[in-house]
Amino acid sequence: MSNQLTVRYGIINGAYWMAYAAISAYVSLYLLEMGFSSGTIGVLIALSGLLSALLQPLAASYADRENSPPLKAITLSVALLQLLCGLGLLVFHKNKVASLLLYGSCLALLQLLTPLVNGLAVTSINCGCRLNYGISKSTGSVTFALVCFILGRVTAVRGGQPVPWAILAFTGLFILAVLRYPAQRAPRAADAAKGADGLTFFKKYPRFTGVLSGCILLYISHVFLNSFTLQIIRAKGGDSGHMGLSMALAALAELPTMLLFTRLLRRRSSGFYMKLTGFFFFIKAVGSWLAPNVTVYYLFQLTQIGAWALIAIASVYYVNAIMEPQDAVKGQAYYTAAYTLANVFGSLLGGRLIDTLGVNAMLFLGTLFATLGTAVNLVFAEKTVDKGI
């Protein structure tokens, strides 16, 4: 059952990150081709993120209730909406306003899915199922890399036309994968049936607030590098083909960390890795800023091994370790909302900086954010006793 569940969740993760690559990694290419500026794209990403940040805790609170539908059903509902928006991009591809709104909706729904997808794994772990989250998560890195590389090559020849088709296909694959995953509910203690909400939640987990702040700073740096990759690549002499390869390299660099994370977790707690990851975010940010050309920029993409790769998996274990079962999905949602808020701020600021001061100014500020985020997490991340290892 352990291997079967790991494979099934791995397929979900793989399909989700295929859709993520198509929607998020190619937003700039698709909308720039339609005539929108970097600033407008930044505003769209920000507004989509803000909407998602507002919806994530609400959806998670609903999912954590005893009388709510299974998390699987909620996940499928959101994915079906994303599928309809992808279909809308094909139908209304000649209408700029409709395309902008539909792409923004795809971005918002994609981010809303993140805590729900994480919650599927957390619920299985808390039910006592032996799910190897690291191995399952690694499938997302592989599929993200493949999609970025292939779409990069295809769009270099055909422009943004294939992007909506990719969104539609990968979202459909995700829905099929979720349908095959067993629906489960987290166990609850008789005297703790109701979880904490709002301010009560943050009073219950005070150090978590500090970690969220540090991660927001790290993620702003990450957003600069990932939402405006095409602009960065062009500033260093490349094109969309180079962008696809750079993102594929970063995704492949994630594999060793994800495949071996369960072993790493037996040596040190997830809290330790939440501190360590900041140093890799800093190295990636400063290297991307100072890289004189695309080749050197490729080298610093490999620091993803301890940046996104480490925080993406360590954060799920960390949040689950410090939360009571009735707060598990909600904790994942608040963490994802922190990333989403970073996406809002980073997208607005990044687009504005590129339009006014240029790419290098954005990369310099990203380095400062990575430095501050590392310092904050060193103070607030706590040692944990991790579940499901």
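The values are calculated or read from the model by the stated rules, or taken from the named source; none is laboratory data. For clarity, every value in this text was computed on a predicted model and none was experimentally measured. Counting neighbours? That spans all protein chains shown, and the Cβs are built from the backbone with ideal geometry, glycine included. These accessible areas exclude ligands, DNA and RNA; they are computed on the full protein's heavy atoms, side chains included. Shrake-Rupley method; radii C 1.70, N 1.55, O 1.52, S 1.80 Å.
Using the structure shown, decide if Ile175 is out of contact with any Gly (no Cβ under 6 Å at 6 or more places or on another chain) and open to solvent by 40 Å² or more (accessible area, probe 1.4 Å).
no
If I ask for residues that are open to solvent by 60 Å² or more (accessible area, probe 1.4 Å) and in a loop (DSSP other than H, G, I, E, B), which ones from segment 245-286 would you list?
Across segment 245-286, the qualifying residue is only Arg268.
Six or more apart or on different chains, Cβ atoms under 6 Å: show the pairs whose first residue is in segment 207-232 and outside any helix (DSSP H, G or I) and whose second is of a type outside the set (Val, Ile, Thr) and crowded, with 24+ Cβ neighbours inside 10 Å.
Pairs that qualify, where the first residue is outside any helix (DSSP H, G or I) and the partner is of a type outside the set (Val, Ile, Thr) and crowded, with 24+ Cβ neighbours inside 10 Å, are Phe228/Gly350.
Run down Ile305, Ile311 and say which single residue is modelled with pLDDT of 90 or more, within 18 Å of Gly278 (Cβ to Cβ) and open to solvent by less than 10 Å² (accessible area, probe 1.4 Å).
Ile311
How many of the residues making up segment 127-144 are under 19 Å from Lys330 (Cβ atoms) and open to solvent by 30 Å² or more (accessible area, probe 1.4 Å)? It would help to see each step written out before you state the result.
First, pick out the residues of segment 127-144 that are under 19 Å from Lys330 (Cβ atoms): 127, 133.
Going one step further and asking which of them are open to solvent by 30 Å² or more (accessible area, probe 1.4 Å), we end up with 127.
Total meeting the criteria: 1.
Just name the residue that is nearest to Gly160 (Cα to Cα) out of those in segment 217-262 that are charged (D, E, K, R) and modelled with pLDDT of 90 or more.
Arg234
Quickly run through segment 8-45 and pick out the residues that are of a type in the set (D, E, K, R) and either at positive phi or in contact with a helix residue (DSSP H, G or I) (Cβ under 8 Å, 6 or more places away or on another chain) (or both).
Within segment 8-45, just Arg8 meets the criteria.
Taking Tyr339 as the residue in question, decide whether it is part of a helix (DSSP H, G or I), among the aromatic types (Phe, Trp, Tyr) and open to solvent by 20 Å² or more (accessible area, probe 1.4 Å).
Details: part of a helix (DSSP H, G or I): yes; among the aromatic types (Phe, Trp, Tyr): yes; open to solvent by 20 Å² or more (accessible area, probe 1.4 Å): yes.
Yes.
What are the residues in segment 191-208 that are modelled with pLDDT of 90 or more and loosely packed, with under 15 Cβ neighbours inside 10 Å, if any?
Arg207
So Met18 ticks every box in (1) open to solvent by 30 Å² or more (accessible area, probe 1.4 Å); (2) within 19 Å of Gly350 (Cα to Cα); (3) not basic (Lys, Arg) but one. Which box is left unticked?
(2) is the only condition that Met18 fails.
What pairs can you find where one residue is in segment 28-57 and without any contact (Cβ under 8 Å) to a residue 60 or more places away in the chain, the other is open to solvent by less than 60 Å² (accessible area, probe 1.4 Å), and their Cβ atoms are less than 8 Å apart, with a gap of 6+ or different chains?
Between residues of segment 28-57 that are without any contact (Cβ under 8 Å) to a residue 60 or more places away in the chain and residues that are open to solvent by less than 60 Å² (accessible area, probe 1.4 Å), the close pairs are Leu51/Ala108; Leu55/Ala108; Leu55/Leu112.
Starting from residues that are open to solvent by 70 Å² or more (accessible area, probe 1.4 Å) and aliphatic (A, V, I, L, M), keep the ones in segment 89-107 and report whichever is farthest from Phe36 (Cα to Cα).
Val91
Return a yes/no flag: does segment 47-65 have any residue that is open to solvent by 20 Å² or more (accessible area, probe 1.4 Å) and acidic (Asp, Glu).
no
What number of residues within segment 342-356 are open to solvent by 20 Å² or more (accessible area, probe 1.4 Å) and hydroxyl-bearing (Ser, Thr, Tyr)?
Of the residues in that region, 1 qualify.
Quick check, is Gln326 modelled with pLDDT of 85 or more and in contact with a Lys or Arg (Cβ under 9 Å, 6 or more places away or on another chain)? Working first, answer last.
Details: modelled with pLDDT of 85 or more: no; in contact with a Lys or Arg (Cβ under 9 Å, 6 or more places away or on another chain): yes.
It is false that Gln326 is modelled with pLDDT of 85 or more and in contact with a Lys or Arg (Cβ under 9 Å, 6 or more places away or on another chain).
For the list (1) in contact with a Pro (Cβ under 9 Å, 6 or more places away or on another chain); (2) at pLDDT 85 or above; (3) not polar (S, T, N, Q), I need the number of the one condition that Leu120 fails.
It is condition (1) that Leu120 fails.
Of the residues in segment 250-280, how many are in contact with a Gly (Cβ under 8 Å, 6 or more places away or on another chain) and either of a type outside the set (A, V, I, L, M, F, W, C) or closer than 21 Å to Tyr219 by Cβ (or both)?
Count: 9.
What about Gly86, is it buried (at least 21 other Cβ atoms within 10 Å of the Cβ) and either among the small types (Gly, Ala, Ser) or more than 17 Å from the chain's Cα centre (by Cα) (or both)?
Yes, satisfied.
Can you find even one residue in segment 350-369 that is touching a residue at least 40 places away in the same chain (Cβ under 8 Å) and closer than 30 Å to Cys127 by Cα?
Residues of segment 350-369 touching a residue at least 40 places away in the same chain (Cβ under 8 Å): 350-352, 354-355, 358-360, 362-367, 369.
Still in the running and closer than 30 Å to Cys127 by Cα: none.
Among the residues of segment 350-369, not one is touching a residue at least 40 places away in the same chain (Cβ under 8 Å) and closer than 30 Å to Cys127 by Cα, which makes the answer no.
Name the residues in segment 323-335 that are open to solvent by 10 Å² or more (accessible area, probe 1.4 Å) and within 18 Å of Ser213 (Cα to Cα), would you?
The answer is Tyr334, Tyr335.
Taking the options Arg188, Arg153, Arg158, Arg180, name whichever one is surrounded by fewer than 20 Cβ atoms within 10 Å (Cβ to Cβ), at pLDDT 90 or above and basic (Lys, Arg).
Arg180
Would you be able to tell me the number of residues in segment 357-374 that are over 22 Å from the mean Cα position of the chain (by Cα) and open to solvent by less than 60 Å² (accessible area, probe 1.4 Å)?
Step one: filter segment 357-374 for residues over 22 Å from the mean Cα position of the chain (by Cα), giving 357-361, 364.
The next check asks that each one be open to solvent by less than 60 Å² (accessible area, probe 1.4 Å); those that pass are 358-359, 361.
Total satisfying the criteria: 3.
Return yes or no: is Leu341 at pLDDT 95 or above and within 22 Å of the chain's Cα centre (by Cα)?
The answer is no for Leu341.
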